[in-house]
1. Quick check on this structure: which one of A177, A128, A169, A165 is within 16 Å of the ligand (Cβ to nearest atom) and not in a loop (DSSP other than H, G, I, E, B)?
2. Looking only at helices (runs of 4 or more DSSP H) that fall completely inside segment 276-376, which ones have 2 or more residues that are open to solvent by 50 Å² or more (accessible area, probe 1.4 Å)?
3. Of all the residues that make up segment 146-161, how many are open to solvent by less than 30 Å² (accessible area, probe 1.4 Å) and either within 11 Å of the ligand (Cβ to nearest atom) or in a loop (DSSP other than H, G, I, E, B) (or both)?
4. Going through segment 144-188 one residue at a time, which ones are polar (S, T, N, Q) and either under 25 Å from R235 (Cβ atoms) or touching a Ser or Thr at 6+ places or on another chain (Cβ under 9 Å) (or both)?
5. Considering segment 87-105 alone, what residues qualify as being surrounded by 18 or more Cβ atoms within 10 Å (Cβ to Cβ) and more than 16 Å from the ligand (Cβ to nearest atom)?
6. Is it the case that some residue within segment 19-29 is among the aliphatic types (A, V, I, L, M) and either assigned to a loop (DSSP other than H, G, I, E, B) or touching a Ser or Thr at 6+ places or on another chain (Cβ under 7 Å) (or both)?
7. Which of (1) within 16 Å of the ligand (Cβ to nearest atom); (2) of a type outside the set (A, V, I, L, M); (3) surrounded by 24 or more Cβ atoms within 10 Å (Cβ to Cβ); (4) closer than 18 Å to G247 by Cα does G45 not meet, given it meets every other one?
Amino acid sequence: MISSVLPTYNRAPLAFEKGEGSWMIEKDGRRFLDLGAGIAVNVLGHAHPALVTALTDQAQNLWHVSNLYEIPQQQKLADKLVSETFADTVFFTNSGTECCELAVKMARKYWFEKGEPAKTEIIGFEGAFHGRSTAGIAAAGNEKMTHGFGPLMPGFKHVPWGDLAALQAAITETTGAVILEPVQGEGGIRPMADADLKAVREICDAAGILLILDEVQCGVGRTGKLFAHEWAGIRPDIMMVAKGIGGGFPLGAVLATEEAASGMTAGTHGSTYGGNPLACAVGGAVLDIVAAPEFLAEVNRKAGLLRQKLEGLVAGYPDVFESVRGTGLMLGLKCTAANTDVLQAAYDQLLITVPAADNVIRLLPPLNISDDDINEAIARLSAAADAVQSQT
Ligand SMILES: *Cc1c(COP(=O)(O)O)cnc(C)c1O
């Protein structure tokens, strides 16, 4: 008999009842160290006092009004995002995949209004993940997600990850945009080199097409800059943001330049919940903390510490780990053993990690994780590696 919750997930038999900073407490009382952060969501850990205050203060006053009215919390967050980034304008969503829907609509509408309605095609990269909506799975083009769900939304083409010659060759008269994650998350923590991201921008400029960046996982301080593309010194035309921006409250945002957004006039897009007062009150509190240069400097320092210790671990357990990859606090351990065995061994050590494609386990800690907790995570990972090694 089918379970009352639609069985689309393979869930670990763990039920957490409370979170405190980088820790989660299971219903049986065990304390797990959280290097998953709800898949790069809880950027300030669990129950951060500033976020609890922002949420509960707003909850006492007004939860929801709809976008038929002005929403000051939304205006404030949009102003802050515009002042901190390349963007001139922001649309708020509830999730990453909704951002993909709007990014695709925005790119198509841009060319339509320019009098070039044939430029509907968007080129993506293999290994991508852009969400589970019909545009999201078509944009990523991964057979694992599209199988059985056809006919797919037309207008997407894919080239191998990082293959700029293939990208260049794929661009035609009907190409309107390129979409990519500066650091692929689900694809196995695969960063695009800064020089390559720069080259992608140049290819788009030369072809006169839009660049859409999906920073749903790598954005909001995760790589040590507020947004990952800043490392390459480039500016996208459209950017998808979600996960970390809400710190655990459902919130996403599409950021765009005035030019790229020029087709999106009143009545062309909308969302009932998107940008509601509760979500934007929390998002504002997240951004106030994460966008501060001192906070980002700490992310970079902690990332250096964690990475150095992980390199040591990899050197010590060649039968378990092959290499460290990623950037900032978006790190992956490419495994020699099966990543699912490492994931399970980490659970046994009360340590949460997240699997990814390419036999990788992801380490996506809260960005404010303490040095002590980083050391504790390494101790638990090495105990997990011992256990995996003794099985083989
Ligand atoms: C998680 C993710 C999405 C989808 O976000 P949802 O909130 O699950 O819809 C899109 N793109 C990237 C890069 C992601 O990591």
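The values are calculated or read from the model by the stated rules, or taken from the named source; none is laboratory data. Predicted model, so just to flag it, every value in this text is computed and none were measured. With ideal geometry, Cβ positions are generated from the backbone for all residues, glycine too; neighbour counts draw on all protein chains shown. For accessibility, only protein heavy atoms count, side chains too; no ligands or nucleic acids. Shrake-Rupley method; radii C 1.70, N 1.55, O 1.52, S 1.80 Å.
1. Only one candidate qualifies: A177.
2. Output list reads 293-316, 339-348.
3. 1
4. Result: Q168, T172, T174, T175, Q184.
5. A87, V90
6. no
7. With (1) within 16 Å of the ligand (Cβ to nearest atom); (2) of a type outside the set (A, V, I, L, M); (3) surrounded by 24 or more Cβ atoms within 10 Å (Cβ to Cβ); (4) closer than 18 Å to G247 by Cα applied to G45, the lone miss is (1).
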